[in-house]
Amino acid sequence: MSIKGFHILFIVVSTLLALGIGCWCIWVDLTVGEPVYRTGAIASFVSAVVLIVYGVLFYRKMKRLRLIT
Amino acid sequence: MEIPYTVSARRDTGLWNAKVGIWLFLASEVMLFGGLFSAYIFLRLDAEPGDWPHGLLNVPVGTGNTAILIASSVTVVLAWAALKMRDLTKYRIYMAITILCGVTFLVVKLAYEWPQKFEHFGAFIKEDALGKYEPYLGNKHLLEKGLSPRKEITGHLHNKEALSDPNIKEYEIALDPVYADPTNPAMDRPHFWPMPATEKIATIEKSDVKYANMFLPKHSAYFASYFTITGLHGAHVLGGVLVFCYMMLPASTRIYRHNPEHLANRVEVAGLFWHFVDLVWIFVFPLFYLL
């Protein structure tokens, strides 16, 4: 596997982590009730979206530059 | 003498040699970290209820470090892409940012997170003395809610000499919030922002203590695993940073001038290693900080 493939895999795993952190924040907010966790959850989900957008743009750019065939 | 297959692929493997080498190396790394992760998971599964420390790590700092490593993976790929585009200036900028991210990660870990742990203290109370420290533990309240009992009291040790002096018969601890107000769910861990120890002092007799120590590897299986895995991971980050620094030296520029593809291939294998190191952290973070 090349660095491009590994990078896309890494971004996928990072996105899953961001979603996981978001779910964890919601869970802690429901059990402990600290509102700051709600902000953490929102930030995590926004990060996940940013990572997805970056991943798609990266793939397109690599394809455009013919670094991914 | 020219070393063969540094740029062009071998006919039998279809790859240039360094790529075969890095994947063999990463396979051995998977086994190394896999063994350590397995050990951690089994230690945790076998722990008695209440024996496994929980919520002791600084989640915002860990999250920040995770973001730094993810960003560094992006910049290392951009550095490689810049080389492919034959843009040496951009390559240097992205590589410098990658190095900066790696160094920041290490500084946060070694100069902030680890020393914070070394200053914290925990005393595991003997089973038959748990009732005596009920005002700090709040186990009756936990039992009513169906939660695991607390067996350890943590905070800042006032009389540190008590650890080594057998003539001192008790520990004086400035309690962590959860033990200062044990029935208040708002004080319970985890806290998003770490809460400092309170001014409430508890005196714990040494004869009631099963085991007590600062938050060092010998404190518990949890901290032994934490320091081993994060320490080994930190060593890998340091290794990656050193390799990237080498790739910024004039020697690497000479390689670029001679054959740009040769340097691009070197950056690619170093980048693969860096991605692996970051991927390991993606597993370390939730395992230690969140779960």
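The values are calculated or read from the model by the stated rules, or taken from the named source; none is laboratory data. Keep in mind it's a predicted model, so treat the numbers as computed, not measured. No Cβ is skipped: glycine too gets one built from the backbone with ideal geometry, and neighbour counts run over all protein chains shown.
Here are the numbers for this structure:
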read-out	value
Those helices (runs of 4 or more DSSP H) lying entirely in segment B:119-208 with at least 3 residues closer than 30 Å to A:T39 by Cα	B:177-180
Residues satisfying the stated conditions in segment B:64-100, i.e. within 13 Å of chain A (Cβ to nearest Cβ), in a helix (DSSP H, G or I) and free of Cβ contacts under 8 Å to residues at least 12 places away in the same chain	B:A67, B:V74, B:A81
A:L65 vs. criteria under 18 Å from the mean Cα position of the chain (by Cα), aliphatic (A, V, I, L, M) and facing another protein chain (nearest Cβ under 9 Å)	no
Helices (runs of 4 or more DSSP H) fully within segment B:212-291 counting 3 or more residues that are under 20 Å from B:K109 (Cα atoms) and at pLDDT 95 or above	B:221-246, B:260-285
Residue selected from segment A:7-16 under the condition in contact (Cβ under 8 Å) with a residue 24 or more places away in the chain and at the interface with another protein chain (Cβ under 7 Å from one of its Cβ atoms), by the criterion farthest from B:L279 (Cα to Cα)	A:H7
Residue satisfying condition, being over 15 Å from the mean Cα position of the chain (by Cα) and closer than 30 Å to B:D176 by Cα, within set B:F25, B:F42, B:F37	B:F42
Selection within segment B:69-86 - under 18 Å from A:F58 (Cα atoms) and of a type outside the set (G, A, S)	B:L69, B:I70, B:V74, B:T75, B:V76, B:V77, B:L78, B:W80, B:L83, B:K84, B:M85
Options B:L142, B:L83, B:L137, B:L163: the member that is surrounded by 17 or more Cβ atoms within 10 Å (Cβ to Cβ) and touching a strand residue (DSSP E or B) at 6+ places or on another chain (Cβ under 8 Å)	B:L137
Matching residues, segment B:10-40, being under 30 Å from B:L147 (Cα atoms), aliphatic (A, V, I, L, M) and either in contact with a Leu (Cβ under 8 Å, 6 or more places away or on another chain) or not assigned by TED's automatic domain parsing to the domain that holds B:V277 (or both)	B:L36
Qualifying residue in segment B:101-111 (condition: of a type in the set (S, T, N, Q), free of Cβ contacts under 8 Å to residues at least 12 places away in the same chain and away from every other protein chain (no Cβ under 14 Å))	no
Of the criteria (1) in a helix (DSSP H, G or I); (2) facing another protein chain (nearest Cβ under 10 Å); (3) farther than 24 Å from B:P60 by Cα, which one A:M1 fails	(1)
Any hit, segment B:262-280, residues being over 31 Å from the mean Cα position of the chain (by Cα), at negative phi and assigned by TED's automatic domain parsing to the domain that holds B:F37	yes
Residues that are surrounded by fewer than 20 Cβ atoms within 10 Å (Cβ to Cβ) and either at pLDDT 90 or above or closer than 18 Å to B:Y211 by Cβ (or both), drawn from segment B:166-181	B:P166, B:N167, B:I168, B:K169, B:E170, B:E172, B:A174
Evaluation of B:W114 against (1) at pLDDT below 90; (2) assigned by TED's automatic domain parsing to the domain that holds B:Y226 (one fails), failing number	(1)
Within segment B:240-282, considering residues that are among the small types (G, A, S) and touching a residue at least 24 places away in the same chain (Cβ under 8 Å), the one farthest from B:K84 (Cα to Cα)	B:G240
Considering residues of segment A:1-38 that are of a type in the set (S, T, N, Q) and at pLDDT 90 or above only, the residue nearest to B:A71 (Cα to Cα)	A:S14
Of all residues making up segment A:17-35, the number that are exposed (fewer than 14 other Cβ atoms within 10 Å of the Cβ), part of a helix (DSSP H, G or I) and facing chain B (nearest Cβ under 9 Å)	1
